[in-house]
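Right, one structure below, let's go through it.
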Amino acid sequence: MTKAPPLKNDCFALPPGVDWAPVDDALALLHDRLHPVVGKSSVGLDQALGRILAADVIAPRHHPPLPNTAVDGYGFAGALPAGPHALPLVSGRAAAGVRFDGTVPDGAAIRILTGAALPHGVTTVVLQEDVTVDADTIHVNGPIKDGANTRKAGEDMVAGQVILAAGRTITPADVGVLATVGVDQVQVFDRLRVAILSTGDELLAAGQPAQPGQIYDANRPMLAAMVRQLGHDVVDMGIQPDDPKTIRAALDDAAARADVVLTSGGASAGDEDHISAALNDAGAMALWRIAIKPGRPLALGMWQGTPVFGLPGNPVAAFVCTAIFARPALSYLGGADFAEAPAITVPAAFSKRKKPGRREYLRARLVDGRAEVFASEGSGRISGLSWATGLVELPDGALEVAPGTPVRFIPFTALGI
Ligand code: AMP
Ligand code: MG
């Protein structure tokens, strides 16, 4: 296992003069300032799904390794012109994994089955359905092109070619591609360890009896679920009260046990905003006022060399900020490519007059290819996140949306959450 270099302590400093950062600028800054912080290891193919490639994978052999047939039929050399043809059959056959060692003479044909390497003297295969066989001869009607129904060696992948690039998250299809060329071990980044803690005197964990005035901690379980879904490891740091000392101790602990820390609550600049206060005192904090709705200032800082994302306490805002900011940042810290939110453009099924200034994310779902939005934009209504299957992203500027207006829709599945 190899180790990655640490991040700079001032990596979240905002450029001078920046007050409200547009979403794209904030993302570009994260991309610019962060880098992978995890080590690399080799894993077997059976452990590779969802892991991030730490090195390009080079095909060790061609696929297909030899020219072969794509169909069951009869093989011969060259093209057949239009009209009827009779070709004598050689005895024997070629099947997948069972090579025909002889040479098929010019003008003759051989029985050949899907996947079989083309015998010497064969360049073309005719489908068995297009042939009548009588004794030792096949009858076939031309024209048939030279090379019909065959696959060339290396036509899919060439030995020595990069087949999967570093930074890619391995999919089930990739596992198939790797196995095809005989690769059974890949270099991957170690899983990113993400510490998650909630802050607030009012919070208690689900399962505990609640007093009036207490609310259940939604963010820690939700963020943990998102982080796991994104393929990272979760380090649960529990609920921390609004107490500066306890919060600092929890950050110490989190920084020691994880590669990155996600906190929620206490991130603004109020009296009980102990996360931003702690990061501020550490001298390595930037309160990013990102022009996003829903969202409050995002407190970003370094705590003992470990990046901390101070998310808003409001669960809908915490979810959106995680989906839009933390998700690409975590993937990048974990060695993946910095991926923009994958949006599709669809017609709106709603009306809305949007003011300029902040990019807006609405809880939305597709019905018959059109984006419907949740009845309430109230950011306290977390049930809308379950109702939704994605987010509608409205641009930074003003916009008048009417039914049919093209809008950007980001499916949760495409975000991997
Ligand atoms: P804060 O950012 O700490 O001022 O919190 C903003 C709002 O979100 C307050 O109403 C909090 O009670 C609420 N909140 C903060 N953390 C959580 C949490 N983990 N789960 C549910 N609600 C929370
Ligand atoms: Mg709070």
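Of everything in segment 207-223, what is in contact with a Leu (Cβ under 8 Å, 6 or more places away or on another chain) and more than 16 Å from ligand 2 (Cβ to nearest atom)? Give them in sequence order. Steps first, please.
Taking segment 207-223 first, the residues in contact with a Leu (Cβ under 8 Å, 6 or more places away or on another chain) are 210, 214-217, 219-220, 223.
Across segment 207-223, the qualifying residue is only 210.
Of the residues 235, 162, 158, 133, which is open to solvent by less than 40 Å² (accessible area, probe 1.4 Å), β-branched (Val, Ile, Thr), touching a residue at least 40 places away in the same chain (Cβ under 8 Å) and more than 23 Å from residue 386 (Cα to Cα)? Quick ask: steps written out before the conclusion?
Numbers: 162 fails: open to solvent by less than 40 Å² (accessible area, probe 1.4 Å); 158 fails: open to solvent by less than 40 Å² (accessible area, probe 1.4 Å); 133 fails: open to solvent by less than 40 Å² (accessible area, probe 1.4 Å).
None of the others qualify; the one that does is 235.
Give segment 98-131 a look and list any residue that's part of a loop (DSSP other than H, G, I, E, B), over 15 Å from residue 68 (Cβ atoms) and polar (S, T, N, Q), or say none. If you could, list the steps in order and put the result at the bottom.
Taking segment 98-131 as the starting set, the residues that turn out to be part of a loop (DSSP other than H, G, I, E, B) are 99-102, 104-108, 113-116, 118-119, 121-123.
From what's left, over 15 Å from residue 68 (Cβ atoms): 101-102, 105-108.
Answer for segment 98-131, where residues must be part of a loop (DSSP other than H, G, I, E, B), over 15 Å from residue 68 (Cβ atoms) and polar (S, T, N, Q): there is none.
Exactly one condition in (1) open to solvent by less than 20 Å² (accessible area, probe 1.4 Å); (2) of a type in the set (Gly, Ala, Ser); (3) away from ligand 2 (no atom under 16 Å from the Cβ) is false for residue 310; which is it?
Failed condition: (3).
Regarding segment 246-253, can at least one residue be identified that is open to solvent by 20 Å² or more (accessible area, probe 1.4 Å), in contact with a His (Cβ under 9 Å, 6 or more places away or on another chain), free of Cβ contacts under 8 Å to residues at least 40 places away in the same chain and farther than 24 Å from residue 188 by Cβ?
Yes - at least one qualifying residue is present in segment 246-253.
For residue 74, work out the one condition from (1) without any contact (Cβ under 8 Å) to a residue 60 or more places away in the chain; (2) out of contact with any Asp or Glu (no Cβ under 6 Å at 6 or more places or on another chain); (3) farther than 22 Å from residue 158 by Cα it doesn't fulfil.
(1)
Tell me, which residue of segment 284-305 that is open to solvent by 30 Å² or more (accessible area, probe 1.4 Å) and either in contact (Cβ under 8 Å) with a residue 60 or more places away in the chain or of a type in the set (Phe, Trp, Tyr) (or both) is farthest from ligand 2 (Cβ to nearest atom)? Before you say what the answer is, go through the steps one by one.
First, pick out the residues of segment 284-305 that are open to solvent by 30 Å² or more (accessible area, probe 1.4 Å): 285, 287, 289, 293, 296, 304-305.
In the following step, the residues that additionally are either in contact (Cβ under 8 Å) with a residue 60 or more places away in the chain or of a type in the set (Phe, Trp, Tyr) (or both) were identified as 285, 289, 293, 305.
Working: 285: 17, 289: 18, 293: 19, 305: 26 Å.
Per the criteria, the residue is 305.
Go through (1) exposed (fewer than 14 other Cβ atoms within 10 Å of the Cβ); (2) within 30 Å of residue 260 (Cα to Cα) for residue 106 and report which single condition fails.
Condition (2) is where residue 106 drops out.
Looking at segment 332-341, is at least one residue more than 16 Å from ligand 2 (Cβ to nearest atom), of a type outside the set (D, E, K, R), in a helix (DSSP H, G or I) and within 20 Å of residue 221 (Cα to Cα)? Before the answer, list the steps.
Initial filter on segment 332-341 (more than 16 Å from ligand 2 (Cβ to nearest atom)): 332-341.
With the extra rule that they be of a type outside the set (D, E, K, R), the set shrinks to 332-336, 338-339, 341.
From what's left, in a helix (DSSP H, G or I): 332-333.
The next check asks that each one be within 20 Å of residue 221 (Cα to Cα); those that pass are none.
No, segment 332-341 contains no residue that is more than 16 Å from ligand 2 (Cβ to nearest atom), of a type outside the set (D, E, K, R), in a helix (DSSP H, G or I) and within 20 Å of residue 221 (Cα to Cα).
Of the residues 296, 289, 358, 381, only one is in contact with a Phe, Trp or Tyr (Cβ under 6 Å, 6 or more places away or on another chain) and at pLDDT below 95; which?
Details: 296 fails: in contact with a Phe, Trp or Tyr (Cβ under 6 Å, 6 or more places away or on another chain); 358 fails: in contact with a Phe, Trp or Tyr (Cβ under 6 Å, 6 or more places away or on another chain); 381 fails: in contact with a Phe, Trp or Tyr (Cβ under 6 Å, 6 or more places away or on another chain).
Answer to the selection: 289.
Consider residue 7 against the criteria (1) in contact with a His (Cβ under 8 Å, 6 or more places away or on another chain); (2) surrounded by fewer than 17 Cβ atoms within 10 Å (Cβ to Cβ): it satisfies all of them except one. Which criterion is unmet?
Every listed condition holds for residue 7 apart from (2).
Which of the residues spanning segment 138-189 are touching a Leu at 6+ places or on another chain (Cβ under 7 Å) and acidic (Asp, Glu)?
Of everything in segment 138-189, those that are touching a Leu at 6+ places or on another chain (Cβ under 7 Å) and acidic (Asp, Glu) turn out to be 174, 184.
The values are calculated or read from the model by the stated rules, or taken from the named source; none is laboratory data. Nothing here was measured: the structure is a model prediction, and the numbers come from that model. Reconstructed Cβ throughout: ideal geometry from the backbone, glycine too, with neighbour counts over all protein chains shown. Just the protein is used for accessible areas: all its heavy atoms, side chains included, with ligands, DNA and RNA removed. Shrake-Rupley method; radii C 1.70, N 1.55, O 1.52, S 1.80 Å.
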